[in-house]
Amino acid sequence: MISFMNKTSILITAGPTYEKIDPVRFIGNYSSGKMGIALAEECLNRGMCVELVLGPVTINSDIFNHPNLHTTHVESAQQMYEACMDIYPSMNAAILCAAVADFTPETVADQKIKRKGNELIIRLKPTKDIAASLGKIKKENQILVGFALETNDEENNAQDKMKRKNFDFIVLNSLNDKGAGFRHDTNKITIIKSNEKIEFPLKEKTACAVDIIDELVRLFKTC
């Protein structure tokens, strides 16, 4: 963990999680980690210290050599949960950008599962809710920011998630918007607060990061 010496400290989660089925297969998603890494870079550019909890991604970036960045590499939702619960209490804020699996296999096979018969049934159990858990331990002087990737009834779902998880604001992006979401270098976001929403046009993810961190800085000034 970084010794931040009175600097603003931010926990950022990024990338997917992989939930193992057997030694060679997993349940995952298409998250590339690009948005979370863009957020980390913008925070570093503003002199903040960043604790990045990063799922399995293939991105190479110069920011990984930055002295004010500490990266914790994780694979599963459980590992990400444990890292976030350990790190967040000493942070000024957290931005939860990772695409965390909601379910994980009840059992993981020790050896590669061979094809037998015409079907394979895998029983799943819920993963621990990182956002809700951090929302419960959030202190009065801490900020918690979430993301919502939606496919329908986007604003209502995002508003509901913001209230349930105790977010200060939530960043909504929709898979219905061309060029937004996983794997793209661009994104189209809406920042939703309890009494306001701010819509932005399609932009590079680095530019979206500027908009999100601008809002975070405004919140710091009111804390």
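Throughout, read-outs are computed from the coordinates displayed, never taken from laboratory work. Just so you know, these numbers come straight off a predicted model, no measurement behind them. When we count neighbours, we look across all protein chains shown, and the Cβ atoms used for this are built from the backbone with ideal geometry, even at glycine.
Numbers for the structure displayed
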item: Filtered residues of the stretch 36-60 (kept if among the hydrophobic types (A, V, I, L, M, F, W, C), more than 21 Å from Leu172 (Cβ to Cβ) and not in a strand (DSSP E or B)); result: Leu44, Met48, Val57, Ile59
item: Cβ-Cβ under 7 Å pairs, at least 6 apart or on other chains, the stretch 36-56 side over 19 Å from His73 (Cα atoms), far side part of a loop (DSSP other than H, G, I, E, B) and of a type in the set (D, E, K, R); result: Gly47/Lys7; Met48/Lys7
item: Odd one out for Ala158, checked against (1) out of contact with any Asp or Glu (no Cβ under 8 Å at 6 or more places or on another chain); (2) within 29 Å of Met85 (Cα to Cα); (3) not in a strand (DSSP E or B); result: (1)
item: Filtered residues of the stretch 64-107 (kept if among the acidic types (Asp, Glu) and crowded, with 17+ Cβ neighbours inside 10 Å); result: Glu75
